[in-house]
Amino acid sequence: MNSSLLVIEFLVALLGLGVLLADLWIAPSARRTLAYVATTGLLLVFTIHAGALAPADGTAFGGMFLVDGLANFFKSIFLVAAMVVLMVSTRFADRLNGYGEFVALILFATVGMLLTASANDFILMFVSLELITVTFYILVSFQRNRLSSVEAGVKYLIFGALAAAFMVFGITLIFGSANSTNFFEIAAKQGELAKSPVFLIGLLLTFVGLGFKISAFPFQMWTPDVYQGAPAPVTAFLATGSKAAGFVLILRLAYGVVPELSAKWSHLLLGFAVITALYGSFCGLAQRSVKRLMGYSSISNAGFLLLGIAAANDTGSSAVAFFLAAYVFTTLLVFAGVTVVTADGETDDFSAFGGLGQRSPFLAAGLTIGLVSLAGVPPLAGFFAKFWLFKAAALRVADDRWFLVAILAACVAVVISFYYYFGIIRAMYWPRHTAESTPVEPSIPVRLAMVTCIAAVILMGVFPGGLVSVARQAVAGLGPATAPAAHAAPPVAAH
Amino acid sequence: MTPGLNHYLVVSALLFCLGLFGVLARRNLIVIYMCLELMLNAANLALVAFSRFNANLNGQVMVFFIITVAAAEVAVGLALIVALYRKRQTAHVEDLTSLRF
């Protein structure tokens with residue numbers, strides 16, 4: 001058994017268990033150290049993952065677990081997101097009962113995300129997605145004494161369980177028609193499977209489950225409520241890690257497992273992409289709660305990402321990977337600011353951000369950079385990410401006129417979203433009436449996290465070349481022809 | 001007449017639709033949650049049937065995973081519903097109204 005491939009996952013799981021144990025002996029006042037220990041541990045895991053000790057490409061557990069470029073790329077994203085979320089959550093520690101368990105749960109959710117990135121079998125895909133979802137049920141409702149947090153948790157629970165049920169039934173139908181749950185084996189016989197209606201229904205139901213994770217229309221109902229009710233650091237992780245976990249699976253399924261079908265269904269995907277982007281933009285207009293607004297922003301961005309999936313070309317897959325990397329840093333930056341503001345005040349209303357330009361220039365500057373990047377203004381990361389996604393779709397315009405319509409609609413969505421992103425910036429620098437004047441002070445870990453994110457957002461925007469080539473390499477192995485031939489052989493030899 | 005694969009699949013699809021109908025139509029959180037479990041078990045029945053008729057044991061392995069995950073989900077879910085009841089003195093979906101813009 002080639003289980004050394006799972007070294008990253010093992011280490012993070014061990015770290016989580018260690019934190020859970022250490023929580024029993026540590027005084028409640030010193031629980032913040034657990035977050036620092038966990039962040040340092042994740043940093044060590046990250047150096048292993050990025051360095052020479054990283055497991056080589058290959059498969060383990062009878063082809064269930066796969067390490068390849070795409071998996072490694074997304075694992076880096078998940079580890080970075082977890083580190084930033086942990087550092088930012090230290091500012092929130094006083095409001096979370098049982099902070100040690102909070103840290104451990106973040107780590108367990110990270111293990112789930114790492115496993116989804118490597119899932120090469122519908123069984124592992126389901127189990128790792130559920131590991132993320134069940135952990136997030138607890139995390140979302142972690143502020144048990146706040147009604148909105150518990151209510152958000154229950155809503156996430158009902159929608160999450162419904163999506164899981166659809167996905168399980170979909171996987172069942174896929175298993176029934178393909179007589180296998182392995183991605184490579186299904187990819188090898190996708191031609192004949194595409195004619196089986198049972199397989200098609202199964203695939204659609206599986207995409208329902210994934211659509212819930214990435215909050216694509218029409219499975220986005222939970223997003224604004226849950227984003228608003230959950231504690232701010234949890235919302236940050238939900239918007240980055242959980243969403244990227246859904247997209248890594250969609251990328252793998254659409255580009256690696258059933259590329260022929262997804263090319264055939266590109267109009268369906270395109271329709272959902274456009275509706276999702278427009279829905280997120282229009283509904284965000286009337287919002288007064290910043291966390292809720294970020295929920296609609298997250299829906300809108302899911303729409304842009306689906307545009308890259310629908311494009312079904314190499315540019316599309318690498319643009320999705322690039323967009324997610326940029327999106328994770330940008331969103332974490334915004335939520336770091338939101339966390340600090342909501343940790344002091346009760347509300348996350350626009351008024352809580354009023355006059356932030358005077359109350360904390362650093363925080364306001366960080367938030368502004370994040371929001372401007374989300375809006376897609378050059379030269380920040382968000383601009384290049386959107387540009388490349390639109391380029392991927394534009395490459396298809398020549399052979400399919402509908403892509404032109406989709407790009408125009410997406411541009412409308414971008415322009416509308418300008419209005420609400422700049423609404424927050426206006427509230428920070430030019431408040432209508434200054435309700436608050438108490439200065440807010442971000443702690444050193446939060447500053448560190450924000451500076452990292454700011455640097456990443458600016459660097460990715462000004463010098464996108466480096467990440468572009470990394471993203472291209474990451475998705476290179478996804479090609480329909482190469483995947484089964486290149487990877488299916490090793491496990492047989494390894495046994 | 002011995003029941004064939006299709007009989008099992010029809011029963012499974014009926015159970016799934018029954019569960020879905022319950023989730024959409026009922027208003028009590030506990031009942032909704034029971035209906036969600038019914039949907040998962042519909043999938044389990046279909047998996048076992050496919051496994052038996054296609055002579056592939058992978059389906060039965062999947063059933064074990066689903067049962068385990070469902071148990072974890074129920075443990076967390078019921079705890080959440082109890083926490084909500086303590087806070088709000090209700091388990092009805094109409095009363096989940098604190099999150100609005």
Quiz item: Going by accessible area, probe 1.4 Å, with all protein chains left in place, what is the ranking of B:M62, A:M87, largest first?
Solution: A:M87, B:M62
Quiz item: On average, how much accessible surface per residue is there in the range A:144-263, in Å², for a 1.4 Å probe, leaving out ligands, DNA and RNA?
Solution: 22 Å²
Quiz prompt | Extension gain (nm, one decimal) between A:K264 and A:F387, 0.36 nm per residue minus Cα-Cα | solution = 41.8 nm
Quiz item: When all protein chains stay in place, what accessible area (Å², nearest 10, 1.4 Å probe) is found for B:C17?
Solution: 80 Å²
Quiz prompt | In order through the range A:386-401: 3J(HN,Hα) via Karplus (6.51 cos²θ - 1.76 cosθ + 1.60), integer Hz, x for Gly, Pro | solution = 5, 4, 5, 4, 5, 5, 4, 5, 5, 4, 8, 4, 4, 9, 8, 5
Practice problem: Taking 40 Å² as the minimum loss, tell me which residues in the range A:158-187 lose that much accessible area going from the chain by itself to the full protein complex (1.4 Å probe). | Solution: A:I158, A:A161, A:L162, A:A165, A:F166, A:V168, A:F169, A:T172, A:F175, A:G176, A:N179
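Tell me what chain A gives for mean residue ellipticity at 222 nm when only DSSP H runs of n ≥ 4 count, each as -39,500 (n - 2.57), the sum divided by the residue total, rounded to 500 deg cm²/dmol. Please report the intermediate quantities before stating the final value.
Details: 23 runs with 363 residues, N = 495.
Value at 222 nm, helices only, nearest 500: -24000 deg cm²/dmol.
Give the calculated FRET efficiency between A:R426 and A:M221 to the nearest 0.05, with a Förster radius of 30 Å applied to their Cβ-Cβ distance. Don't skip to the answer; put the middle values down first.
Details: r = 29 Å, r/R0 = 0.97.
According to the calculation, E is roughly 0.55.
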Quiz prompt | Förster-model FRET efficiency, 30 Å R0, A:A286 and B:R26, C-beta, rounded to 0.05 | solution = 0.45
Quiz item: Where only protein heavy atoms count, and the probe is 1.4 Å, what is the accessible area per residue for the range A:269-313 in Å²?
Solution: 21 Å²
Exercise. Just reorder A:K195, B:K87, A:K264 by solvent-accessible area, largest first, 1.4 Å probe, all chains present.
Key: A:K195, A:K264, B:K87
Quiz prompt | Acute angle (nearest 10 degrees) that the helix A:465-476 long axis makes with the longest principal axis of chain A, alpha-carbon atoms | solution = 40 degrees
Quiz item: What do the square roots of 5 times the Cα gyration tensor eigenvalues come to for the range A:267-482, in whole Å, largest first, as semi-axes of the equivalent ellipsoid?
Solution: 33, 20, 12
Exercise. Sort out for me the Cα centre separation of the range A:382-403 from the range A:352-370, rounded to whole Å.
Key: 34 Å
Self-check item: Over 19 Å (Cα to Cα) - which of A:K291/A:K386; A:K155/B:K87; A:K75/A:K243; A:K264/A:K386 fall in this group
Solution: A:K291/A:K386; A:K264/A:K386
Quiz prompt | Exposure of A:M83 as accessible area (Å², to 10), given a probe of 1.4 Å and all protein chains | solution = 20 Å²
Quiz item: So what are the ³J(HN,Hα) numbers for the range A:202-218, from phi and the Karplus equation (6.51, -1.76, 1.60; θ = phi - 60°), rounded to whole Hz, Gly and Pro as x?
Solution: x, 5, 4, 5, 5, 5, 4, x, 6, x, 5, 4, 8, 6, 8, 4, x
Self-check item: Net charge of Cβ neighbours under 11 Å - reference A:S141; Lys, Arg +1; Asp, Glu -1
Solution: +3
Quiz prompt | Heavy-atom accessible surface that B and A bury in contact, both chains counted, 1.4 Å, Å² to 100 | solution = 3700 Å²
Exercise. Starting from one equal scatterer on each C-alpha and no solvent at all, send me the Debye-based log10 I(q)/I(0) for the protein assembly as shown at q = 0.06, 0.07 Å⁻¹, two decimals.
Key: -0.28, -0.39
Exercise. Pop out the carbon and sulfur fraction of the accessible area of the range A:31-152 as a percent, whole number, probe 1.4 Å.
Key: 64 percent
Quiz item: Looking only at other chains, what is the average number of their beta-carbon atoms within 10 angstrom of each beta-carbon in A:129-135?
Solution: 3
Self-check item: Average Cα contact separation per residue, chain B, under 8 Å, 6 or more apart, as relative contact order %
Solution: 27 percent
Quiz item: Angle between the Cα long axis of helix B:29-54 and the longest principal axis of chain B, 0 to 90 degrees, nearest 10?
Solution: 10 degrees
Practice problem: First measure r as the distance between the Cβ atoms of A:A365 and A:W25, then evaluate 1/(1 + (r/R0)^6) with R0 = 41 Å and state the FRET efficiency to the nearest 0.05. | Solution: 0.55
Quiz prompt | Histogram of C-alpha separations across the range B:5-95, 10 Å bin width, % | solution = 17, 38, 28, 13, 4, 0
Quiz prompt | Projected label distance in nm at A:F418 and A:L448, using a 7 Å step from Cα toward the beta-carbon | solution = 3.9 nm
Quiz item: So how many Å³ per residue does the convex hull of the Cα atoms of the range A:1-153 work out to?
Solution: 106 Å³
Practice problem: Find how many whole Å separate the alpha carbon centroid of the range A:54-115 from the alpha carbon centroid of the range A:295-329. | Solution: 21 Å
Self-check item: Packing-based order for A:295-302, A:74-81, using average beta carbon neighbours within 10 Å, highest first
Solution: A:295-302, A:74-81
Practice problem: Go through A:R292, B:R88 and list them by solvent-accessible area, largest first, probe radius 1.4 Å. | Solution: B:R88, A:R292
Practice problem: Convert each backbone phi in the range A:31-43 into a coupling constant with the Karplus relation 6.51 cos²θ - 1.76 cosθ + 1.60 (shift: θ = phi - 60°), then list the ³J(HN,Hα) values in order as whole Hz, x for Gly and Pro. | Solution: 5, 4, 4, 4, 5, 5, 4, 4, 5, 4, x, 5, 5
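Within a 10 angstrom radius of each residue's Cβ in B:18-30, how many Cβ atoms of other chains show up on average? Whole number is fine.
Counting Cβ atoms of other protein chains within 10 Å of each residue's Cβ and averaging gives 1.
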Quiz item: 222 nm [θ] for chain B, helices only, -39500 (n - 2.57) per DSSP H run of 4+, per residue, to 500?
Solution: -27500 deg cm²/dmol
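The values are calculated or read from the model by the stated rules, or taken from the named source; none is laboratory data. On a predicted model such as this, the values are computed, not experimentally measured, just so you know. All Cβ positions, even for glycine, are placed from backbone atoms using ideal geometry, and neighbour counts span all protein chains on display. With ligands, DNA and RNA removed, areas are computed over all heavy atoms of the protein, side chains included. Shrake-Rupley method; radii C 1.70, N 1.55, O 1.52, S 1.80 Å.
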